[in-house]
1. Here is a check on your reading of the model: is LYS178 out of contact with any His (no Cβ under 7 Å at 6 or more places or on another chain), under 19 Å from MET126 (Cβ atoms) and among the basic types (Lys, Arg)?
2. If I filter the stretch 170-187 for residues that are open to solvent by 10 Å² or more (accessible area, probe 1.4 Å), among the hydrophobic types (A, V, I, L, M, F, W, C), modelled with pLDDT under 95 and not in a helix (DSSP H, G or I), do I get at least one hit?
3. Consider the stretch 107-132. How many of its residues are in contact (Cβ under 8 Å) with a residue 60 or more places away in the chain and small (Gly, Ala, Ser)?
4. With at pLDDT below 95, open to solvent by 50 Å² or more (accessible area, probe 1.4 Å) and either touching an Asp or Glu at 6+ places or on another chain (Cβ under 7 Å) or not β-branched (Val, Ile, Thr) (or both) as the only criterion, which of GLU101, GLU88 stands out?
5. Those residues that are charged (D, E, K, R) and closer than 16 Å to GLY35 by Cα, I need them from the stretch 97-117; list them, please.
6. When you scan the stretch 105-129, how many residues do you find that are surrounded by fewer than 22 Cβ atoms within 10 Å (Cβ to Cβ) and over 19 Å from GLY181 (Cβ atoms)?
7. State the number of residues belonging to the stretch 1-27 that are open to solvent by 60 Å² or more (accessible area, probe 1.4 Å), over 23 Å from GLU97 (Cβ atoms) and assigned to a loop (DSSP other than H, G, I, E, B).
8. Regarding VAL139, is this residue open to solvent by less than 50 Å² (accessible area, probe 1.4 Å), closer than 22 Å to LEU43 by Cα and in contact (Cβ under 8 Å) with a residue 40 or more places away in the chain?
Amino acid sequence: MKIKKSDIETVAVKPSQYPAPDRYEIAFAGRSNVGKSSLLNLLTGRKSLARVSGSPGKTRTINFYLINDDFRIVDLPGYGYAKVSKSESQKWGEMMEQYLENREKLLKVVQLVDIRHKPSAQDVQMYDYLKYYGLSGIVVATKADKVSRNEMQKQMKLIRQTLDMDKSDIIIPVSSLKRTGQDQLLDVIEELLNLAAEAEGGITEE
């Protein structure tokens, strides 16, 4: 898959602000400062579609991007930033829960983890949550340029074990800096869209 067109469609904090559930959606979740905005910009080939912030915890909305006039990429608020108040963190959590539990066209959530570190307790909690709702199965290990090839394999094994991933679950190392891994992720997304369309008896656009 090649993303030829990408536009911000809606910025929401509650379900009444979501766009109509008329297209399939792939959401992205991860800890604050894990490189989510950089990844989305890499996937879409745009430098500033998603704002890259120097201050973790800045994304406080659910951002819907229309891709190729065909499906949506949904950017969820980053979690796990210590300087955010408990009440604010709880509000973000409720915002994500409302979306994840009730969005009928949501196919999967791509969870981002930093390849350099063992997944945090919050990463594990998020993956368990996604697994419960049938949304798990794809993990992107960001900042892959920061580790050697040997270290990458060790860290990917550690991520798989820590998150208790199934054998069929996918881990994709990605480097936004080196621009690697995005094609593999786009292929996985394309397969998800095609399978969903086949299940509905429809055909996705090329």
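The values are calculated or read from the model by the stated rules, or taken from the named source; none is laboratory data. Since the model is a prediction, treat every value here as computed from it, not as a measurement. Using ideal geometry, Cβ is built from the backbone for each residue, glycine included, and neighbour counts are taken over all protein chains shown. With ligands, DNA and RNA removed, areas are computed over all heavy atoms of the protein, side chains included. Shrake-Rupley method; radii C 1.70, N 1.55, O 1.52, S 1.80 Å.
1. No: the conditions fail for LYS178.
2. Scanning the stretch 170-187 turns up at least one residue that is open to solvent by 10 Å² or more (accessible area, probe 1.4 Å), among the hydrophobic types (A, V, I, L, M, F, W, C), modelled with pLDDT under 95 and not in a helix (DSSP H, G or I).
3. Selection size over the stretch 107-132: 1.
4. Sole residue among the options that is at pLDDT below 95, open to solvent by 50 Å² or more (accessible area, probe 1.4 Å) and either touching an Asp or Glu at 6+ places or on another chain (Cβ under 7 Å) or not β-branched (Val, Ile, Thr) (or both): GLU101.
5. ASP114, ARG116 - these are the residues of the stretch 97-117 that are charged (D, E, K, R) and closer than 16 Å to GLY35 by Cα.
6. Residues that pass the stated criteria total 11.
7. Going through the stretch 1-27 one residue at a time, the tally reaches 3.
8. no
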